Amino acid sequence: MNILAIDTSGPVAGVCILQGGEIAYEAAAVNKLTHSVNLMPMVEEALSRAGIDIADIDLYAAVVGPGSFTGVRIGVSAIKGMAHGAGKPCIGIDALEALASSVCMTDAMICPIQDARAGQVYGAAFTQGMPPVRVLDNMAEKLPDYLTKVLTITPADQKLCFIGDGVKPFKAAIEQELGDRAIFAPAHLAYLRPSAAAMLAWHKKEEACDYLSLMPMYLRAPQAERMRQSKLEAEKA
């Protein structure tokens, strides 16, 4: 089975091709161009390097969030279009689950966190496995509220391993709250690897759907909508 996986949910655009459960090609890029400009040339390069044609792809995978609203829409729309054109199935990949899958050989509670801005994180909790075993659903919360929820399901003697781009801005606060119970994944794992998304697609291929069923995962309303709602509430007050 050939799988094409893409991630545009964060600042790094990524593409991976999996062949028979093994990585045939992987690339990620950060530059001044938008994901909408970068993505299709990256897909074309991936196919060329893997030595296959778009018609050879059996399953299309997109990271559906949580993450950048615009970025997620770009990736989901691209995969929906390719899957529709090819008449092939697609699958949505949870960004937090993909981050958690990058942590291995640990007994710690795996806590993927992304910087959701406005003092919030997108977070969840997993134990190790492939796919990771979910123990806490995705959420958008202030860091203290997220940590409280994680601690309620974590044994007192278990460490917590944090991974994701939320580590850098919130590391000091996490250490202050958890002390030596907090451990952190290497910095190079802060951003989701497209191969992690591709491997999850391989392991969860039975969950594939048609292009019409592939939808973005938003944990909160876009900023413009939140500002509009706040304005309406202020006018009513």
Item to check | Computed [θ] at 222 nm, deg cm²/dmol, the chain (DSSP H ≥ 4; -39,500 (n - 2.57); rounded to nearest 500) | outcome: -11500 deg cm²/dmol
Checklist entry - Which residue fluctuates the most in the chain, going by a Gaussian network model with Cα springs under 10 Å, if the choices are Leu178, Leu143, Leu200? => result Leu178
Next on the checklist: What distance in nm lies between label points placed 7 Å from Cα along the C-beta direction at Ala29 and Ile54?
Outcome noted: 1.6
Item to check | For region 21-28, Karplus couplings with θ = phi - 60° (6.51, -1.76, 1.60), whole Hz, Gly/Pro x | outcome: x, 10, 6, 8, 6, 8, 8, 9
Checklist entry - Rounded to a whole number, what is D in µm²/s for region 46-136 from Stokes-Einstein with the Kirkwood radius over alpha-carbon pairs (4 °C, 1.567 mPa s)? => result 87
Checklist entry - If contacts are Cα pairs under 8 angstrom and at least 6 residues apart, what is the relative contact order of the chain in percent? => result 24
Next on the checklist: Can you give me the C-alpha center-to-center distance between region 147-168 and region 44-62, rounded to a whole angstrom?
Outcome noted: 37
Item to check | For Ala116, residues with placed amide H under 5 Å, excluding near neighbours | outcome: Val121, Tyr122
Next on the checklist: Kirkwood hydrodynamic radius, computed over distinct alpha-carbon pairs, for region 103-189: how many Å, to one decimal?
Outcome noted: 12.8
Checklist entry - For region 103-189, what's the relative contact order in percent, using C-alpha pairs closer than 8 Å and at least 6 residues apart? => result 30
Checklist entry - Which whole-Hz couplings ³J(HN,Hα) result when phi for each residue of region 3-16 is put into the Karplus expression 6.51 cos²θ - 1.76 cosθ + 1.60, θ = phi - 60°, listed in order with x for Gly and Pro? => result 10, 9, 10, 10, 9, 10, 7, x, x, 9, 8, x, 9, 9
Next on the checklist: Which three extents, in angstrom, do the Cα atoms of the chain have along their principal axes, listed largest first?
Outcome noted: 52, 51, 33
Next on the checklist: I'd like to know how region 1-97 sits against the 2.2 N^0.38 Å rule of thumb: what's its Cα Rg over that expected value?
Outcome noted: 0.97
Checklist entry - Once phi is turned into ³J(HN,Hα) by the Karplus curve 6.51 cos²θ - 1.76 cosθ + 1.60 with θ = phi - 60°, what whole-Hz value does each residue of region 75-85 show in order, with x for glycine and proline? => result x, 5, 4, 5, 5, 4, x, 5, 5, 5, x
Next on the checklist: At a 10 angstrom cut-off on C-beta neighbours, averaged per residue, how do the peptides 206-214, 110-118, 54-62 rank from highest to lowest?
Outcome noted: 110-118, 54-62, 206-214
Checklist outcome for this item: Cα extents of region 152-199 along the principal axes, largest first, in whole Å, come to 34, 23, 16
Checklist outcome for this item: Within the under-11-Å Cβ sphere about Ala28, not counting Ala28, Lys/Arg +1 and Asp/Glu -1 give a net charge of -1
Next on the checklist: For Val135, what residues show an amide H to amide H distance below 5 Å, using hydrogens built from the backbone and excluding near sequence neighbours?
Outcome noted: Ala125, Phe126, Thr127
Checklist outcome for this item: Around Lys88 (Cβ within 11 Å, Cβ-to-Cβ, excluding Lys88; K/R +1, D/E -1) the net charge comes to -3
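FYI, it's all coordinate maths here, none of it is from the lab. Because the structure is predicted, anything quoted here is derived from the model rather than measured. Glycine also receives a Cβ, built like all others from the backbone with ideal geometry; neighbour counts cover every protein chain displayed.
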